[in-house]
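For reference, the structure is listed below as structure tokens.
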Amino acid sequence: MRIREPGQQWISGGAPASVTMRRMEIQVLGPVEVRDTEGRPVAVGSQRRRELLGRLVAAGGRAVPLPVLVEDLWENPPPTAAGTVRTFVAELRGALEPDRRPRTRSRTIETVGTGYALRIPRAHVDVHRFEDTLRAMRAAPSAHVAPALSDALAWWHGEPYGDLGGSPWLAPERARLTELHRQAVELRARAVLDLGQGAPLIPELEAYATAHPWREHAWVLLSHALYQAGRQVDALASLRDARARLLAQFGLESVDSLDHLERDILRHAPHLTPTPRDEDRLRLLTRTEATGTYTRLRSMSTVASAAAVTGGTNLVLAQQHRAAAAAEAEATGDPGLTARVIAAYDVPTIWTRADDPTRSEALVQTTRRTLHRLGPGAPPALRARLLATIGLEHRGSRDRWAADAAAEAEQLARDLPDPTLLVLALNARFVQSFQQPGCTGERDTIADELIELSTRHDLPRFEILGHLIKIQVHSARGALEPAQCHIAAAERLATLHESPLVHVLTTAFRAMRLAGQSDDPAEVAHAYRAVATDLAGAGMPGVEAGMFPLALLSLRMRHGRPAPTDPDLDWGPYRPWVQPLLDLARGNLAAARHAAATLPAPRADHLYDALWAVNGHTAIQLDDASLAAQAREALSPLRGEIAGGTTAMITFGPVDDILATLYQHFDRLRT
């Protein structure tokens, strides 16, 4: 007779595991992993084997018939599929029960009829433990809810089943769990507010409401927290902003919960600022001090990642939240916590000039220090994410350490079964490819792999990135027609996954295309003004700054006109390179020669060839043979391409034409 210990729970439908079975922890709230009692990873094999394990976890202890497993694991099952599943089951049993004697009954994966059922205690499977905790806390006192859900949210390490592909059974399961995660976030926040301790939640709730603008409860929680922080005006403004968003985006003219909170704030309703009992306050603060820091900081970074792709002020706020979370994490002195907070942000990067270079540099230094403190024993996946972060944030420079970091991240990622890590590493390699001119072919290869990986593993944000890179590659080569299919694919995905920044970039491509086709500069200038308006609200200052004036300059250069001298034009970071032409347009030859003599080297970024095209034009205008020689040397590796084309926004014409003009002009001077 087997005796169950008091309080022990088992997956429904099965018997308790053997008392000799080694305890295993199965994790699916993130990549699928199995760990032993000491937290060490247990190898369970290939992605297909991990998907089988995940499918059994998702069944919640119910038996899954063999035909269903075959159908779920293969889109077009081979004739040997059933036998392969049986082999996988045997291998999983061996990994989960290494001490089980041959031909004895498995206590972890039980054969039920023609199918299989997972017989692991619910407390040993993170997703079931999370579901049980959430269910139990729905009717629990607030003082219990806040710490319990802080713990439960800390069990999440990314998208559920994050390293698996896009099998049909995964989509509804991921959606279901993501909704439960949102409910847990909101329930925990409500509990903290009910205890009168909502002020510290403001950064987290700002990011959460921004990432989920359709969830009216998110705005209620944020406004309530602002009120508890003594910010009544901000609380009311937040409610007004919520109404405007809900009306503009979802057609909701009135939302009762917002109206009720507004009335309560205006009359200073006592229940908005409850005073918890001393024992409740003590219990809440001691638990959140112990376990809530990681959850809060990592949630800030994770939510920021989700909000960033929506663009505009969301992107700006997301980057601020991410930087604040990383800095606060490092201040704790815990490099492991810091690393995971940094790694939780995985937003694709298409542009090589940072939106806030100072903030990016600070993040790079934090990441470098964290890598040093973790030492060589850091988990390879975590090290790869940190190295990729350095490669992504230290872009536009000629720092070989950043390029080496991106290369090592890619090498590590290729040895790990995590497609989300590999696409991030490929993104880092993409931005670092600008360290050398003439790498359009390399970027083309990267884009192909990003699209293939992302399509296979349902990673739409990085699939969009792959298409955007292909657009840049085709633009650099002057192949605008082949770019159209990638324009269509990127816009379709952007609409489906609510990524409005994509449409800003594709609109800029169309303006560039018009610039190469139209003989009417006014028509093209009008198109670029529309792009400038879009960029102004896109939250991408790294792209926006100086782009419109450069576009106007490219038009004027190609039509033989002087540089635009409108004082309202903001040339941003590109002023040093256009200053000689601005001085010439104003008739100040001496100032133009002085500015040309002190030109800095263009950065290793998207505008490298465009700025050398400007320098070449300056050399011709000033008869500056030295500058012309530098321009020829810089542009020679880019023969056959379009100067500025890699931006997919502006064009200074074929590099071959610029080089030919330089040679003709200065050969004429020598004769």
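Side notes on the structure shown:
- Euclidean distance between Cα centres, region 574-611 to region 477-537, Å: 27 Å
- Between the amide H of residue 109 and those of 119, distances stay under 5 Å, these residues lying 5 or more places away or on another chain, with hydrogens modeled in the peptide plane.
- Calculated FRET value between residue 91 and residue 112, using beta carbons and R₀ = 25 Å, to 0.05: 0.85
- Low-density loop positions, chymotrypsin sites (Phe, Trp or Tyr not before Pro), region 121-219 - DSSP coil, at most 12 other Cβ in 10 Å: 214
- Here the dipole of region 417-521 is about 120 debye; that uses its Cα centre as origin and unit charges on the Cβ of Lys and Arg (positive) and Asp and Glu (negative).
- Along the axis of the charge dipole computed for the chain (Cβ charges of +1 for Lys and Arg, -1 for Asp and Glu, origin at the Cα centre), the listed residues 39, 469, 580 are led at the positive end by 39.
- Solvent accessible area, Å² - residue 111, 1.4 Å probe, full protein context: 80 Å²
- About its Cα centre, the dipole of the chain is roughly 1800 debye, where the only charges are +1 on Lys and Arg Cβ and -1 on Asp and Glu Cβ.
- Relative contact order for region 311-376: 40 percent, from Cα pairs under 8 Å spaced at least 6 residues apart, divided by residue count.
- Only protein heavy atoms count here; on that basis, with a 1.4 Å probe, residue 356 has an accessible area of about 50 Å².
- Applying 1/(1 + (r/R0)^6) with R0 = 35 Å to the Cβ-Cβ distance of residue 660 and residue 46 gives a FRET efficiency near 0.05.
- Free of any trypsin sites (Lys or Arg not before Pro) that DSSP assigns to a loop and that have at most 15 other C-beta atoms within 10 Å, the longest stretch within the chain is 399-585.
- Degrees, to the nearest 10: 47-58 long Cα axis against longest axis of the chain: 50 degrees
- Distance between modelled label sites at residue 496 and residue 62, nm, 7 Å Cα→Cβ extension: 2.8 nm
- Surface composition of region 535-618: carbon and sulfur make up 52 percent of the accessible area, probe 1.4 Å.
- With a Förster radius of 35 Å applied to the beta-carbon distance between residue 71 and residue 415, the computed FRET efficiency rounds to 0.65.
- Between helix 142-153 and the chain: long-axis angle, C-alpha atoms, 0 to 90°, nearest 10: 60 degrees
- Tilt relative to the chain, helix 480-496 - C-alpha long axis, 0 to 90 degrees, to 10: 40 degrees
- Options 191, 166, 106, ranked by Cα towards positive dipole end of region 76-204, top entry (Cβ charges): 106
- The accessible area of residue 512, taken with all protein chains in place and a 1.4 Å probe, comes to roughly 10 Å².
- Distance between modelled label sites at residue 136 and residue 214, nm, 7 Å Cα→Cβ extension: 3.3 nm
- Charge dipole of region 491-562 (Cα centre as origin; +1 on each Lys and Arg Cβ, -1 on each Asp and Glu Cβ, all else neutral): 240 debye, rounded to the nearest 20.
- For region 33-105 and region 137-185, distance of Cα centres in Å: 23 Å
- Between residue 99 and residue 589, residue separation times 0.36 nm minus the direct Cα-Cα distance comes to 167.8 nm.
- Length-normalised contact order of the chain in % [C-alpha pairs under 8 Å, at least 6 apart]: 9 percent
- Three-way shape label, region 523-595, alpha-carbon gyration tensor, a/c 1.5: oblate
- Helical contribution to [θ] at 222 nm, DSSP H n ≥ 4, -39,500 (n - 2.57), averaged over the chain, rounded to 500: -20000 deg cm²/dmol
The values are calculated or read from the model by the stated rules, or taken from the named source; none is laboratory data. A quick note: this is a predicted structure, and the numbers were derived from the prediction, not measured. Positions of Cβ are backbone-derived with ideal geometry, glycine not excepted, and every protein chain shown enters the neighbour counts. For the accessible areas, the whole protein counts, side chains as well, though only heavy atoms, and no ligand, DNA or RNA atoms are used. Shrake-Rupley method; radii C 1.70, N 1.55, O 1.52, S 1.80 Å.
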